Every structure is written in structure tokens, then in C-alpha cells.
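Heads up, the thing below is written out as C-alpha cells.
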Amino acid sequence: MKVLTTAEAIAIAAHAREVSGGSKETSKLDAFVLRAIGVPPQEATLAHLEAVVLRSQDRGTRATYAKRLRSVFELLNKVGAIDNDVYLQLPKLRHPKYLPRPFADDQVDRLMAELPEPHRSAVQFALLTGARAMEVYAFEGQHLVGGANGYEVLLHGKGGTRLTVPAHPAIIELVNSRHTLGPIFPYRNAHRVSMDCSIAIQKVLGPGYTFHMCRHTFGTRVYKASGNSLLLTQQLLRHQDVSSTLGYVLVSQNAPRAAVELLTA
């Protein structure tokens, strides 16, 4: 069998994805992992694939890389482009059930500086309200409401719920700048909010980052700002069960030691 170059393998995979209705973003992720291998896919060994997975220290990102490698190698074997089933030896990694994935502060700064509109505004809104994609899509100018304690953001959430979050000054400024009582964000549906913003985020930060991480960031920041109040964080994330909130709050690695050192005997 002819050994295809990495570029040829990427082109074949992209065409196969397109024929089967796959997204361009999937093809971009295919290309990323294939280039990261460093050798043509026909010549890749388990060590090559593991090296790609281990490029990241983040367990969630490692799971994403492993899944993408298995997928693209399976595809290339299926269409006859390669004859290399090394991907079958790659362990299946999963995102832990409770694995908070907030953006780091410097990553938030980059997103705010480099994202184009309307994605910048949608990401900012999610970072400051904890809104889900469906809540971003449904948000309208009339949903910024005044109250005795200041402005609040009315969010239309899961199951038809209507809950409020205190409005950050930046959100008030954003809404007022639109001069409308109607939709604030120009997305066709909630799916497009999630997909389009995730694609834009990955163009700035790289593969593995998603729009939903804005909600993880909101939860983690609220938890820290509230003096580690899990109940207040639950309230602002609008979770019915506090166990769900645990999946959105990243506790500092130093926090357990600091807590123990405060104890007296």
C-alpha cells in the first residue's frame, strides 16, 4: 500500500467527512491530530498516538484527542486510505462526571480581546450570567429588568423556567447598546450559539475548548467571590440539585491543604 503523506490523509479524511455530512470543524480537528502525530498515519505507532494525547495536562482535552484519533484512523481505514489499526490499542478516555472546566483568567482575557462579534458578546454574556446556549439564544432586550436592588437578567432556562441573575454592569451596557426590546444575539437557534461560539473560541485557544466552559467559568468565579458558598453558587447557576453544581466549581489544588492548616487541636 502506498504510504500517504499527512497532507494527503487530511484531504481524504476531509472529503469523506463532507460526503457523510460531517462538519468542517470535525475536519479541522482531524487535521490537527493527524499533524500532531508527526509521521504519516500509515506509519504511526501506539507511542505516536499516546504522545498526541499526552500533549495536554487537562484530562478532558486528553479524552477529546483520544476520541478524535480513534475516529479519524477508523475513517481512513474504512475508506482504504491506510491499513493501520493501531488506534484500537489506544485506551478509551472519558471526561470524568464531575470535571469542572473553567477558562483560566488569561484565556478569558484573550477571548475578550480576540473574538469577533457577535461571538465576543455572546461569550461575555455567558461568562457574566452563567447562561446556557439556549438562554443566550432566547435572551431579549426586554429581559433586562429593573428591581428594588438594581437590574436583573431574566433567563428562560430548561423546562420553561424563568429565573433571574443580578445584572453585571457590562451586561447592562451591552443590552443598552443594542437599542432593542427584541433578540440581542443574531443566532438562528441555540445549537448555532453553541457551535458557532465554540468554533470561534477554538480559533483563539485551540481544540478542546467549548462555549459551555463559559458556564463552568461563571460557576467557579462565583464560588470564589462568594467565599466558597456552594449554596449561593447553586442559586446563581440555577441548579435544582447541589450535586450538579459540583461539576461547575473548580476548587484550587491548594484549598484542601489551606483548610487543614487552619484547624487547631
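The values are calculated or read from the model by the stated rules, or taken from the named source; none is laboratory data. Predicted, not measured: the structure shown is a model, and the values here were computed from it. We place every Cβ from the backbone using ideal geometry, glycine too, and count neighbours over all the protein chains shown.
Residues are listed down the side, and each one gets a yes or a no for (1) free of Cβ contacts under 8 Å to residues at least 60 places away in the same chain; (2) within 30 Å of Val249 (Cβ to Cβ):
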{"position": "Leu69", "(1), (2)": "yes, no"}
{"position": "Arg94", "(1), (2)": "yes, yes"}
{"position": "Leu99", "(1), (2)": "no, yes"}
{"position": "Arg110", "(1), (2)": "no, yes"}
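Kindly evaluate Tyr223 against the criterion of being touching a helix residue (DSSP H, G or I) at 6+ places or on another chain (Cβ under 7 Å) and under 15 Å from Glu135 (Cβ atoms).
Against the criterion (touching a helix residue (DSSP H, G or I) at 6+ places or on another chain (Cβ under 7 Å) and under 15 Å from Glu135 (Cβ atoms)), Tyr223 does not qualify.
Does any residue of segment 30-52 turn out to be touching a Ser or Thr at 6+ places or on another chain (Cβ under 7 Å), of a type outside the set (Val, Ile, Thr) and part of a loop (DSSP other than H, G, I, E, B)?
Yes, segment 30-52 contains a residue that is touching a Ser or Thr at 6+ places or on another chain (Cβ under 7 Å), of a type outside the set (Val, Ile, Thr) and part of a loop (DSSP other than H, G, I, E, B).
Criterion first (buried (at least 21 other Cβ atoms within 10 Å of the Cβ), farther than 14 Å from His212 by Cα and not assigned by TED's automatic domain parsing to the domain that holds Arg62) does Leu155 satisfy it?
Taking the combined requirement at face value, the residue satisfies it.
Got a sec? Which of Leu128, Leu115 is under 30 Å from Leu34 (Cα atoms) and in contact (Cβ under 8 Å) with a residue 40 or more places away in the chain?
Criteria check complete, one pass: Leu115.
Which condition breaks for Ile199 when tested against (1) assigned to a helix (DSSP H, G or I); (2) under 10 Å from the mean Cα position of the chain (by Cα); (3) closer than 25 Å to Ser244 by Cα; (4) of a type outside the set (Phe, Trp, Tyr)?
(3)
Does segment 164-178 include one or more residues that are acidic (Asp, Glu), on the phi < 0 side of the Ramachandran plot and either touching a Phe, Trp or Tyr at 6+ places or on another chain (Cβ under 8 Å) or surrounded by fewer than 11 Cβ atoms within 10 Å (Cβ to Cβ) (or both)?
Within segment 164-178, one or more residues are acidic (Asp, Glu), on the phi < 0 side of the Ramachandran plot and either touching a Phe, Trp or Tyr at 6+ places or on another chain (Cβ under 8 Å) or surrounded by fewer than 11 Cβ atoms within 10 Å (Cβ to Cβ) (or both).
Any chance you could count how many residues in segment 76-93 are touching a helix residue (DSSP H, G or I) at 6+ places or on another chain (Cβ under 6 Å), in a loop (DSSP other than H, G, I, E, B) and either among the hydroxyl-bearing types (Ser, Thr, Tyr) or under 16 Å from Arg62 (Cβ atoms) (or both)?
Total meeting the criteria: 2.
Answer yes if at least one residue in segment 176-183 is among the hydrophobic types (A, V, I, L, M, F, W, C), assigned by TED's automatic domain parsing to the domain that holds Leu111 and either modelled with pLDDT of 90 or more or over 22 Å from Ala122 (Cβ atoms) (or both), and no otherwise.
Scanning segment 176-183, I find at least one residue that is among the hydrophobic types (A, V, I, L, M, F, W, C), assigned by TED's automatic domain parsing to the domain that holds Leu111 and either modelled with pLDDT of 90 or more or over 22 Å from Ala122 (Cβ atoms) (or both), so the answer is yes.
Of the residues Ala113, Ala126, only one is assigned to a helix (DSSP H, G or I), modelled with pLDDT of 95 or more, assigned by TED's automatic domain parsing to the domain that holds Leu205 and crowded, with 21+ Cβ neighbours inside 10 Å; which?
Of the residues listed, the single one that is assigned to a helix (DSSP H, G or I), modelled with pLDDT of 95 or more, assigned by TED's automatic domain parsing to the domain that holds Leu205 and crowded, with 21+ Cβ neighbours inside 10 Å is Ala126.
Considering Arg101, Arg132, Arg55, Arg62, which residue is farther than 19 Å from Leu236 by Cβ and within 17 Å of the chain's Cα centre (by Cα)?
Selected residue: Arg62, the only one of Arg101, Arg132, Arg55, Arg62 that is farther than 19 Å from Leu236 by Cβ and within 17 Å of the chain's Cα centre (by Cα).
Sort out which residues of segment 133-181 are within 22 Å of Pro116 (Cβ to Cβ) and part of a loop (DSSP other than H, G, I, E, B), and write them in order of number.
Scanning segment 133-181 gives Phe139, His168, His179, Thr180.
Of the numbered conditions (1) surrounded by fewer than 20 Cβ atoms within 10 Å (Cβ to Cβ); (2) within 13 Å of Leu127 (Cα to Cα), Thr220 fails exactly one; give the number of that condition.
Here Thr220 meets the rest and fails (1).
With Leu90, Leu69, Leu34, Leu49 as the choices, which residue is surrounded by fewer than 19 Cβ atoms within 10 Å (Cβ to Cβ) and either more than 30 Å from Pro183 (Cβ to Cβ) or among the β-branched types (Val, Ile, Thr) (or both)?
Going through Leu90, Leu69, Leu34, Leu49 in turn, the sole match is Leu90.
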